[in-house]
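Engineer: The following block contains the structure, expressed as structure tokens.
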Amino acid sequence: MRRSTRKLIDRSFSGLGVMSIVLMAAALLVILAPIFVRGLGAIFFRGTVEFRRMQLEQFERGSRAAVEEETAAAAAARAPVYRMLAEFEEELSAMAAEERRQYAGQLREVRELVTELLGPAPGTPAPVLPRDQYGQTRWDRARFKLDLLLQRTEYDYSDAARMGREVRVDRARDFAGTRLEPLFDYLRAHAREMLRPRLTAYLRFLTDAPLDSHFFGGIWPAILGTLYLTLGAMLFALPMGVISAVYLVEYAGQGRLISLLRTCVSTLAGVPSIVFALFGLAFFIHSLHVTPGKSIIAGSMTLAALILPTIIRASEEAIRAVPETYKEAALSLGAGKWRAVITVILPASLPGILTGTVISMGRAAGETAPIIFTAAVSVGKAVELFQARFWEALAQPTPALPWNIYNLATEHEAVDEIRHVQFGMVFVLVLLVLLLNAAAIALRARVARRLRG
């Protein structure tokens with residue numbers, strides 16, 4: 001092959017490699033940028049006076065005098081809203097029966113939207129659930145509710161060739177000529193005075209417990225549960241995986257049984273995670289009775305079974321990559337085989353083993369299916385492992401970020417109301433995986449430097 005042709009091929013491959021890296025970086029940017037932006041919205045947002053009142057009453061945070069003064073100012077701005085509603089009810093009682101029926105349903109819808117926006121009207125009994133005790137705590141959701149209050153949706157079927165077209169209609173038209181008509185202009189003009197939005201940094205989102213099914217509060221129990229499950233899985237899988245890899249490389253030989261065993265390990269690495277979930281439920285909980293039900297220990301063991309094939313294969317390749325001369329030198333100095341493995345081969349292969357550990361740790365932290373039946377609950381307190389009864393703490397179920405993200409995004413009764421919590425959890429999970437990987441990579445680099453002397 002001519003030198004010019006070889007250079008052209010080398011440059012082509014280099015260009016393809018650079019292009020692949022650029023495309024991968026662009027794809028990651030497109031995927032992660034919205035997650036980071038909207039995830040940060042759970043911490044940095046425009047909080048209303050309802051948010052500050054909720055923080056004071058539920059978490060005892062903030063200046064009571066300042067919040068009460070701000071609440072009084074907001075109540076003064078809201079007073080005309082309730083006055084107009086009361087005046088229209090008086091007007092409604094004097095209407096004819098048919099006209100009263102026409103307005104009754106519309107008035108009920110307006111009242112419900114006003115309650116969702118501003119909270120319960122003064123003088124009404126306090127609701128039981130915290131979500132019903134306050135108006136909108138975030139200005140972005142308040143503007144959405146205000147838009148629903150000012151305009152309603154109709155469907156235009158005038159074009160027979162098309163499906164109904166969605167049309168937004170001002171609610172003020174429904175109450176034209178009544179005492180309620182000025183309400184909508186007042187709401188549009190005085191929304192900020194009634195809710196008093198202010199830039200808020202809610203860093204306690206990371207350390208607060210959830211309140212009222214994640215309507216308020218933070219995600220600390222889920223963060224803690226994810227850490228427990230991930231680190232527990234590594235404690236089980238890493239020693240077993242490394243020992244298995246040492247056996248397969250240094251002691252097992254090349255028989256048919258060993259080839260079958262390697263094939264099984266490779267196959268297990270591609271088994272769907274839901275299969276491991278059912279295995280963990282059937283084996284660890286129902287057969288071995290590790291715990292009576294869902295628990296951190298059962299979830300950790302299930303995740304360990306999931307990542308064990310990856311650790312075995314990565315460790316096996318890392319051990320094979322150690323030059324044969326290292327072992328020969330150790331044996332020639334009188335070391336036994338096991339001592340050569342422990343003192344020479346494993347330290348030399350540690351960077352490669354840690355690479356497999358990094359990959360496995362990220363997968364264990366982000367898996368949902370294996371913990372559905374073995375460890376995760378939707379709502380629960382943060383499990384305190386470092387207490388007197390350590391085993392009892394391990395035997396408890398725990399919230400976890402992957403399961404809570406899925407649950408809040410698909411099964412929560414008010415999915416749209418807590419979008420910021422969902423994106424906040426995704427942001428924290430991605431950040432947690434990145435931090436765990438960064439720590440493992442830093443450890444790997446440090447070990448590699450020490451080996452190089």
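The values are calculated or read from the model by the stated rules, or taken from the named source; none is laboratory data. None of the values given here were measured: they were computed from a predicted structure. Using ideal geometry, Cβ is built from the backbone for each residue, glycine included, and neighbour counts are taken over all protein chains shown.
Engineer: What's the number of the only condition in (1) within 24 Å of the chain's Cα centre (by Cα); (2) more than 24 Å from Arg143 (Cβ to Cβ) that Gly177 fails to meet?
Structural biologist: Status for Gly177: all satisfied but (1).
Engineer: Taking only pairs six or more apart or across chains, which ones have beta-carbon atoms under 9 Å, a first residue in the stretch 332-347 that is under 15 Å from Ala321 (Cβ atoms), and a second residue that is part of a helix (DSSP H, G or I) and modelled with pLDDT under 80?
Structural biologist: Qualifying pairs under 9 Å: Pro347/Val447; Pro347/Arg450; Pro347/Leu451.
Engineer: To continue, here is another question. Just one of the numbered conditions (1) surrounded by fewer than 16 Cβ atoms within 10 Å (Cβ to Cβ); (2) closer than 16 Å to Ile372 by Cβ; (3) among the small types (Gly, Ala, Ser) is not true of Ala298; which one?
Structural biologist: (1)
Engineer: Sort through Leu346, Leu385, Leu408 and tell me the only one that's touching a helix residue (DSSP H, G or I) at 6+ places or on another chain (Cβ under 9 Å) and under 30 Å from Phe144 (Cα atoms).
Structural biologist: Answer to the selection: Leu408.
Engineer: Please go through the stretch 1-54 and give me each residue that is among the hydrophobic types (A, V, I, L, M, F, W, C), closer than 30 Å to Pro130 by Cβ and assigned to a helix (DSSP H, G or I), ordered by number.
Structural biologist: Ile35, Phe36, Val37, Leu40, Val49, Phe51, Met54
Engineer: Can you tell me which residues in the stretch 347-357 are of a type in the set (Val, Ile, Thr) and either under 14 Å from the mean Cα position of the chain (by Cα) or buried (at least 20 other Cβ atoms within 10 Å of the Cβ) (or both)?
Structural biologist: Ile353, Thr357
Engineer: Which condition number does Trp391 fail, the rest of (1) free of Cβ contacts under 8 Å to residues at least 60 places away in the same chain; (2) over 20 Å from Phe236 (Cα atoms) being met?
Structural biologist: Of the numbered conditions (1) free of Cβ contacts under 8 Å to residues at least 60 places away in the same chain; (2) over 20 Å from Phe236 (Cα atoms), the odd one out for Trp391 is (2).
Engineer: So Gly47 passes all but one of these: (1) in contact with a Ser or Thr (Cβ under 6 Å, 6 or more places away or on another chain); (2) modelled with pLDDT under 85; (3) not aromatic (Phe, Trp, Tyr). Which condition number does it fail?
Structural biologist: (2)
Engineer: Can you pull out every residue in the stretch 285-324 that is under 18 Å from Thr398 (Cα atoms), assigned to a loop (DSSP other than H, G, I, E, B) and either outside the structural domain of Ile258 (by TED's automatic domain parsing) or of a type in the set (Gly, Ala, Ser) (or both)?
Structural biologist: Those that are under 18 Å from Thr398 (Cα atoms), assigned to a loop (DSSP other than H, G, I, E, B) and either outside the structural domain of Ile258 (by TED's automatic domain parsing) or of a type in the set (Gly, Ala, Ser) (or both): Gly293, Ser295.
Engineer: How many of the residues in the stretch 272-298 are free of Cβ contacts under 8 Å to residues at least 40 places away in the same chain and either within 17 Å of Phe236 (Cα to Cα) or charged (D, E, K, R) (or both)?
Structural biologist: So the answer is 4.
Engineer: If a residue must be basic (Lys, Arg) and buried (at least 17 other Cβ atoms within 10 Å of the Cβ), how many such residues does the stretch 47-99 contain?
Structural biologist: Selection size over the stretch 47-99: 3.
Engineer: Counting residues that are at pLDDT 90 or above, buried (at least 16 other Cβ atoms within 10 Å of the Cβ) and of a type in the set (Val, Ile, Thr), which helices (runs of 4 or more DSSP H) fully inside the stretch 364-453 reach at least 2?
Structural biologist: Here the list reads 369-372, 419-452.
Engineer: Looking only at the stretch 210-220, how many residues end up being buried (at least 19 other Cβ atoms within 10 Å of the Cβ), assigned to a strand (DSSP E or B) and on the phi < 0 side of the Ramachandran plot?
Structural biologist: 2
Engineer: Out of the stretch 55-88, which residues are in contact with a Lys or Arg (Cβ under 9 Å, 6 or more places away or on another chain), more than 20 Å from Gly123 (Cβ to Cβ) and either at pLDDT 95 or above or in a helix (DSSP H, G or I) (or both)?
Structural biologist: Gln55, Leu56, Phe59, Ala66, Val67, Glu70, listed by residue number.
Engineer: Continuing with the same structure: If I ask for residues that are assigned to a helix (DSSP H, G or I) and surrounded by 15 or more Cβ atoms within 10 Å (Cβ to Cβ), which ones from the stretch 327-346 would you list?
Structural biologist: Lys327, Ala330, Ala340, Val341, Val344, Ile345, Leu346
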